[in-house]
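Scroll down for the structure; my scribbles are underneath it.
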Amino acid sequence: MVNTYSLFLFPVPQHVVPESGQWLKPDQLFVRLRSSPLPEKSEAMIKHRLLEIAGKSCAVVDQNQEHEAAFSFVYNDTIDEQGYYLSVQETGVAIQYADLAGLSYALTTLKQIYNQCGAAIPYVKIEDVPDLKVRGLMLDIGRDKIPSMHSLYKLIDLMADLKMNHLQLYMEGYCFEYKRYKSFFPDETPLTAAEIQALDRYAAEQFIDFVPNQNCLGHMTQWLDKGRFNEMAECPDGFELGPGLTFPASTLNVKDPKSLELVENMLNELLPNYSSPFVNINFDEPFELGKGKSREADTESNTCDLYLEFLNKVIQIVQKHGKKPLFWGDTILKHPEMITDLPKDCVVLDWMYENVNSFEINCKTLMEFGQPYMVCPGTSSWSSIAGRTDNMLGNIADAAINGKKYDAKGLIVTDWGDMGHWQYTPISYASYVYSASLSWNVDSIATAEADTANYLNQFVFEDANKVMGSFVFELGNYYLYENFPMLNMTGTFILLSPMGGLSSSEVLNHKLNSLFETIVYSMAKLPKNETIDFMRNYQYEEMRYFLGEMENKLKESDMKCADNQLIREEFSLTIRLLQHGIDLFEFILLEQNESEKWSQERVTRLIDSITTFSGRYIAVWLKRNRIGGMDRSIQQFNTLKKQYEMKLKELKSI
């Protein structure tokens, strides 16, 4: 028998008052609606959701009729936005709400209660309202991986169950079908206008604001790589981010009228497909701004002037479409005096992805300036293969705490796809659930990690053995064996990526320290420590044992979710890629002390391993995603194989 104390409600409601007694679930569902300002919409929603919850159709009785109703729904304009009251008493279930979103969230809570109870539901009173009005997710579809429509619908379903209400699909390449520019990207498989419109309708039905997103200044590499567009680049030949770290052109020349024309053409095609009042124009990390053509064209203006001038021009385009701009705050927060020059109605997105930093300073600054903003922590899944659990937990918790403390409009968790988007979708589930928990109820932080694992077991993986919730948290902490305090990525990922690869231990250590110097000390401006000895600190034998334990734990799970076989394959491949990284590291470490024959055997195993992995990677990719971008994602695996083959040839020639 379930009592109120054993009910698992997620996100944790603000106030739950258990009471003695139980209400028997009725055979017939009679519903009474009172004072609804939108009777047709609310009645349709209630009928649909109760059928889903109870498995039975309901009949609506007149509010003045004497008929006994099991479910009572009352409009109450004194309740806060998105809030609700829910009570289960002798007379049945009573729900009060002030808007349709609040009604929907009440029904979601009722669904959780119904699913956990048998014939009777314990008496309870719940008073609930979210701490942060916007609780969102931004998924990167601009770096290689564009999900299928089925995958995107499932994502929206997951968000709705978590009471999240804001979704962005980040775009920086050709991931929306801009018909004007289609001929320049013949191999891509973008979202079409019709698909965006369908997603917009589907999200709106579940009270999720589907917000358009298109980078309009930096991160334009896939466009500027094309001959016609390269002339619009600030630095057409590319730029150096740090010692040995060179990148192709990524930032538009803000002084070139063609740059603004390109942005306007994109927004004119993209924005009409969305009903959201907002659009994210991004404007983050314009690395080359003021260092190339714009500096030559305007020697008087500084970088801040150039940034604000172009920002205002793009915002004017956005406003013509009746939308309000969102944009990343990294540039203006380096120069807070710029905040006073920002146009009205814009919202700053403050991103920060490491738990060694805190949102507090930026939150306090933005609040004091009266600038609307949202906090944007990360999933910590990108450039990691399996995630960085401890970093993710600390980063999201800090964002939620300071977002509430300093009046942020909301929290958007970001799921990026840097350098191939190698992480599989389920790697990010824990961060989605955890961010939904804390953005709804910050005070639930003491139990949020355990609650997240419980939710994953019950409602996401549907694991009868209750293994997967803790499994994803544990697997995501593999990076702790590296003892390599890199930001934004893990050492094993770097080793497998174009930044690493097959080399000598000396060359690898030099590469990693150069990267560390640029990213940690220069860009993040963290205190400088001694040189990092990656080859000595990396506990590869302990990590190998740990991954073996994770394989065994995965086998112990008993998932019942519809895609359970695919999820099992995805986590199996995740572990396999990490094991391959260990094998590569071990070869580099031990090569000088081994015989040629033994080294040949190791390299042969590396070749066989990466070949098998690549084939499985392709097959699994196509089960959730479109084919466009896949070749870019697997390119590094092919490069590794070529490096191994060259090494084997070299060893055989000795």
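Table for the structure above
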{"item": "Among (1) in the same structural domain as Ile315 (by TED's automatic domain parsing); (2) surrounded by fewer than 15 Cβ atoms within 10 Å (Cβ to Cβ); (3) touching a residue at least 12 places away in the same chain (Cβ under 8 Å), the one test that Ala194 misses", "result": "(3)"}
{"item": "Residue in region 487-516 that is surrounded by the fewest Cβ atoms within 10 Å (Cβ to Cβ), counting only those that are under 22 Å from Lys642 (Cβ atoms) and β-branched (Val, Ile, Thr)", "result": "Val507"}
{"item": "Of all residues making up region 591-646, the number that are touching a residue at least 40 places away in the same chain (Cβ under 8 Å), among the small types (Gly, Ala, Ser) and farther than 20 Å from Gly581 by Cβ", "result": "2"}
{"item": "Qualifying position, being crowded, with 17+ Cβ neighbours inside 10 Å, charged (D, E, K, R) and within 25 Å of Glu288 (Cα to Cα), among Glu172, Glu231", "result": "Glu172"}
{"item": "Qualifying residue in region 381-392 (condition: farther than 25 Å from Lys145 by Cα and either surrounded by fewer than 20 Cβ atoms within 10 Å (Cβ to Cβ) or in the same structural domain as Gly410 (by TED's automatic domain parsing) (or both))", "result": "yes"}
{"item": "Residues (surrounded by fewer than 18 Cβ atoms within 10 Å (Cβ to Cβ) and in contact (Cβ under 8 Å) with a residue 40 or more places away in the chain) located in region 551-562", "result": "Lys553, Glu556, Asp558, Lys560, Cys561"}
{"item": "Scope region 291-330; condition loosely packed, with under 15 Cβ neighbours inside 10 Å and among the small types (Gly, Ala, Ser); matching residues", "result": "Ala297, Gly322"}
{"item": "Filter result (β-branched (Val, Ile, Thr) and surrounded by fewer than 16 Cβ atoms within 10 Å (Cβ to Cβ)) within region 1-32", "result": "Val2, Val17"}
{"item": "In region 1-32, the residues that are in a loop (DSSP other than H, G, I, E, B) and modelled with pLDDT of 85 or more", "result": "Leu7, Phe8, Leu9, Phe10, Pro11, Val12, Pro13, Gln14, Lys25, Pro26, Asp27, Gln28"}
{"item": "Search result, residues across region 109-153 that are modelled with pLDDT of 95 or more and part of a loop (DSSP other than H, G, I, E, B)", "result": "Val129, Pro130, Asp131, Leu132, Lys133, Ile141, Gly142, Arg143, Asp144, Lys145, Ile146, Ser148"}
{"item": "Region 58-79, subset modelled with pLDDT of 75 or more and part of a loop (DSSP other than H, G, I, E, B), residue nearest to Pro130 (Cα to Cα)", "result": "Ile79"}
{"item": "Residues satisfying the stated conditions in region 33-46, i.e. surrounded by 16 or more Cβ atoms within 10 Å (Cβ to Cβ) and part of a helix (DSSP H, G or I)", "result": "Ser42, Glu43, Met45, Ile46"}
{"item": "All helices (runs of 4 or more DSSP H) inside region 163-263 with 3 or more residues being within 30 Å of Leu110 (Cβ to Cβ)", "result": "193-205"}
{"item": "Some residue of region 356-372 being assigned by TED's automatic domain parsing to the domain that holds Leu158, within 30 Å of Gly628 (Cβ to Cβ) and either crowded, with 22+ Cβ neighbours inside 10 Å or of a type in the set (D, E, K, R) (or both)", "result": "no"}
{"item": "Lys344 vs. criteria at pLDDT below 95, surrounded by fewer than 21 Cβ atoms within 10 Å (Cβ to Cβ) and charged (D, E, K, R)", "result": "yes"}
{"item": "Pairs where the first residue, in region 425-451, is outside the structural domain of Asp140 (by TED's automatic domain parsing) and the second is surrounded by fewer than 23 Cβ atoms within 10 Å (Cβ to Cβ) and among the aromatic types (Phe, Trp, Tyr), C-beta under 8 Å, 6+ apart", "result": "none"}
{"item": "Those residues of region 274-295 which are of a type outside the set (A, V, I, L, M) and part of a strand (DSSP E or B), in sequence order", "result": "Phe278, Asn280, Asn282"}
{"item": "Breaking point among (1) over 27 Å from Asp418 (Cα atoms); (2) of a type in the set (D, E, K, R); (3) within 25 Å of the chain's Cα centre (by Cα), for Lys344", "result": "(3)"}
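Residue-by-condition table, conditions (1) of a type in the set (S, T, N, Q); (2) surrounded by fewer than 19 Cβ atoms within 10 Å (Cβ to Cβ):
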| site | (1), (2) |
| --- | --- |
| Leu577 | no, no |
| Leu584 | no, no |
| Leu589 | no, yes |
| Leu606 | no, no |
| Ile610 | no, no |
| Ile618 | no, yes |
| Arg626 | no, no |
| Ser633 | yes, no |
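The values are calculated or read from the model by the stated rules, or taken from the named source; none is laboratory data. Since we're looking at a predicted model, the values are computed, not measured. Note: ideal-geometry Cβ built from the backbone for every residue, glycine included; neighbour counts use all protein chains shown.
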